[in-house]
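The values are calculated or read from the model by the stated rules, or taken from the named source; none is laboratory data. Bear in mind that the values here come from a model prediction, so they are computed numbers and not experimental data. Cβ placement follows ideal geometry from the backbone for every residue including glycine, while neighbour counts extend to all protein chains displayed. Surface areas here come from the heavy atoms of the whole protein model, side chains and all, with no ligands, DNA or RNA. Shrake-Rupley method; radii C 1.70, N 1.55, O 1.52, S 1.80 Å.
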Amino acid sequence: MIRDGEVVCRPQCRRNVGWVVPPRQFVKCNIGMKWSNVKMELGAAWILINSEGTLLLHSRRSFLRVWTKDEAYYLSLAWAIESMVSLRCQRVYFAIEGGMMLLEWSVMKEIGDMNRDARLIASSVVNGDKFQFYVARGYPSWL
């Protein structure tokens with residue numbers, strides 16, 4: 001692929017690279033998945049390995065009614081990230097094979113009032129005992 005005049009190699013086009021070791025003080029979470037378009041089932045797994053190559057932890061789970069392969073990749077990644085947060089792993093490299101273009105995603109940290117509205121909506125769970133999940137257009141009327 002050529003981007004801005006430079007040749008960019010997508011991860012799936014590199015061959016014989018081997019397992020990439022995470023830097024010291026980091027762990028690597030390799031994510032695997034198997035999706036059945038006939039059964040609409042997904043099997044997802046992750047393994048957590050340190051920079052010495054020692055397997056620390058692993059996990060597996062299933063998802064039902066997964067309609068597309070892109071959704072399967074997304075669910076596998078989201079579950080692995082959620083697991084690392086629950087396990088309090090703070091320095092993690094994630095690796096997932098093929099499929100979803102993760103390079104188009106970006107996460108940034110915002111401070112103070114830059115994230116005020118989202119924080120207030122989240123606070124309504126704890127402060128207002130509003131436990132119902134929802135998705136809605138626009139801002140809540142109370143905000």
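Mind listing just one residue for me: the one in segment 53-80 that is part of a loop (DSSP other than H, G, I, E, B) and modelled with pLDDT of 90 or more and, of those, surrounded by the most Cβ atoms within 10 Å (Cβ to Cβ)?
Narrowing segment 53-80 to residues part of a loop (DSSP other than H, G, I, E, B): 53-54, 65-68.
Next cut, modelled with pLDDT of 90 or more only: 65-68.
Values: 65: 9, 66: 23, 67: 10, 68: 11.
Per the stated criteria, the residue is 66.
Restricting 99, 18 to those that are at pLDDT below 80, on the phi > 0 side of the Ramachandran plot and touching a strand residue (DSSP E or B) at 6+ places or on another chain (Cβ under 9 Å) reduces the list to 99.
Tally the residues that are out of contact with any helix residue (DSSP H, G or I) (no Cβ under 8 Å at 6 or more places or on another chain) and surrounded by fewer than 16 Cβ atoms within 10 Å (Cβ to Cβ), restricting the search to segment 90-100. Show your work before the answer.
Going residue by residue through segment 90-100, those that are out of contact with any helix residue (DSSP H, G or I) (no Cβ under 8 Å at 6 or more places or on another chain) are 90-91, 93, 95.
If we keep only those that are surrounded by fewer than 16 Cβ atoms within 10 Å (Cβ to Cβ) as well, we get 90-91, 93.
Counting residues in segment 90-100 that are out of contact with any helix residue (DSSP H, G or I) (no Cβ under 8 Å at 6 or more places or on another chain) and surrounded by fewer than 16 Cβ atoms within 10 Å (Cβ to Cβ) gives 3.
Across segment 21-42, the qualifying residues are those that are open to solvent by 30 Å² or more (accessible area, probe 1.4 Å) and in a strand (DSSP E or B), and the one among them that is farthest from residue 79 (Cα to Cα) is 36. Figure legend. Inter-residue proximity from segment 46-72: first residues touching a residue at least 12 places away in the same chain (Cβ under 8 Å) and under 16 Å from residue 87 (Cα atoms), second residues open to solvent by 100 Å² or more (accessible area, probe 1.4 Å) and part of a strand (DSSP E or B), beta-carbon distance below 6 Å, spacing 6+ or different chains. Indicated pairs: 47/58.
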